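The values are calculated or read from the model by the stated rules, or taken from the named source; none is laboratory data. Not measured: the values here are computed from a predicted model. Just so you know, the surface numbers come from the protein's heavy atoms only, side chains and all, with ligands and any DNA or RNA stripped out. Shrake-Rupley method; radii C 1.70, N 1.55, O 1.52, S 1.80 Å.
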Amino acid sequence: MAMFVVWWASPLVGLTVFYAVAVIHFAHDWKSERQPFFGHAFSTALLSAPTLLQADVLAGLFVDLTGDPRAALLVDILMLAAPVAIAVALVGLSTMRSSQHSVEGICCLAAMLVLPPVIGFAVFFGLFHSPRHFRDGWAALGSNIQPGTTVRVVGMTLAGFGIAAMIYAVNAKASIPTGLLAASMMTLSVLTVPHMLLETILERISGLAKPAR
């Protein structure tokens, strides 16, 4: 609700917060490589890559999404960060222990660089981030999977669609493409913030539960 209120009060602030949260969250995809600095560099490179070839398109999307011409300034900031972040990301990818992870990272960067921004993000999120996250979460449950787990997962997924539908209805005055984009971005941020908080809380609880050495 807090994230929804932020979007409702100031879409520009909501978009900025979403980008900052996304950089932190997507960096977690690379925890297995034990390169925290690389993770944040890669997620920054990923989200700023579209500015190199499609800055005008991205700026137009941001302005349509927020209804605020100042949103184009966010593209300028991302454009400044892109070269350094991409360079660090490529160095990190070349030194990874897992060749599979390296190939996945290169493909994600390429998709964000050459595909239209919305499609590139959908490819990254739908084919890389979400499946990996879901697989890791399911593996973490291990023997704790209960008969009702699948029902709860389906229920929460449907609840996510319900939130998206509600947000789309609130933005009913916008055109269909703009409304869908706004609903998608707002839903992602509304769900990602509590998702990140839950991960942090669980990690802290897990750390406290470990016996002292």
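Panel values: region 1-91, Kirkwood radius from alpha carbon pairs, Stokes-Einstein at 10 °C and 1.306 mPa s, translational diffusion coefficient 116 µm²/s. Across region 13-26, computed HN-Hα scalar couplings (Karplus, 6.51 cos²θ - 1.76 cosθ + 1.60, θ = phi - 60°) run 5, x, 5, 5, 4, 4, 5, 5, 5, 5, 4, 5, 5, 5 Hz from first to last residue, x flagging Gly and Pro. For region 1-100, with all protein chains in place and a probe radius of 1.4 Å, 72% of the accessible heavy-atom surface sits on carbon or sulfur.
Coupling constants for region 188-202 follow from the phi torsions by the Karplus curve (6.51 cos²θ - 1.76 cosθ + 1.60, θ = phi - 60°), and in residue order they are 4, 6, 5, 8, 6, 4, x, 4, 5, 4, 4, 4, 4, 5, 5 Hz; glycine and proline get x. In sequence order, region 42-57 has phi-based couplings of 5, 5, 5, 4, 4, 7, 9, 4, x, 5, 6, 10, 9, 4, 5, 5 Hz under the Karplus curve 6.51 cos²θ - 1.76 cosθ + 1.60, θ = phi - 60°, and Gly or Pro positions carry x. Once C-alpha pairs closer than 8 Å and six or more residues apart are averaged by separation and normalised to the residue number of region 13-120, the relative contact order reads 30 percent.
Averaged over its residues, region 39-144 has an accessible area of 51 Å² per residue, based on protein heavy atoms and a 1.4 Å probe.
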